[in-house]
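**Student:** Submitted below is the structure of interest, expressed as structure tokens.
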Amino acid sequence: MGRPKHEDIKVADITTGNCQQRWSYSDDALDEYTKAMKAGDKFPPVTIFRDDEGVNWLADGHHRHEAATQAGVETLKAVIKRGTERDAILFACGANNAHGIRRDSWDKRRAVPTLLHDDEWKNNSDRWIAEVCKVSHPFVGKVRKELEADQAEIAKRAAEREAASTGNVSS
């Protein structure tokens, strides 16, 4: 595969897609980053996955990307890796574990279900998902059980509605 390359990339050429794994942006961090970028401060590179069509999927650096947009900065330093939007999403699920704006429990609760709702990724072990999302495997097991319980409740309610609408209600 080779070593990822570093390059300057136009902010307008970066696609965020479904890669962001935070519940929301930190307004304080965005304000701070935007002011710093306007002042000319340098930031670490964002991480991009470039697919075969040349689409640049933003995997890590959403706050920096948004701040650059708000500050009118035209280019960002980027680490470019080969890969698809799915590769970027997988990378993003564990991003900011040890640097940048740390993830809170809500951010972790967004990343784990991203994998558990995916037709392919959900078949992996709790340990694999925990490693990707940089959380504990008991946490993944807990979230998996919660999601399964939610799905069971949804299915039960749908069956009850269907039975009520067709007059097949049992007492």
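The values are calculated or read from the model by the stated rules, or taken from the named source; none is laboratory data. Quantities reported herein were computed from a predicted structural model and do not represent experimental measurements. When we count neighbours, we look across all protein chains shown, and the Cβ atoms used for this are built from the backbone with ideal geometry, even at glycine.
**Student:** Mind telling me which of the residues 149, 111 ends up being at pLDDT 70 or above, surrounded by 10 or more Cβ atoms within 10 Å (Cβ to Cβ) and farther than 21 Å from residue 89 by Cα? Step through it out loud before you land on a result.
**Tutor:** On the way: 111 fails: farther than 21 Å from residue 89 by Cα.
None of the other options fit; the residue is 149.
**Student:** For the stretch 25-87, give me every one of the strands (runs of 3 or more DSSP E) that falls completely inside it and has 1 or more residues that are without any contact (Cβ under 8 Å) to a residue 60 or more places away in the chain and closer than 14 Å to residue 8 by Cβ.
**Tutor:** Qualifying strands (runs of 3 or more DSSP E): 46-50, 56-60.
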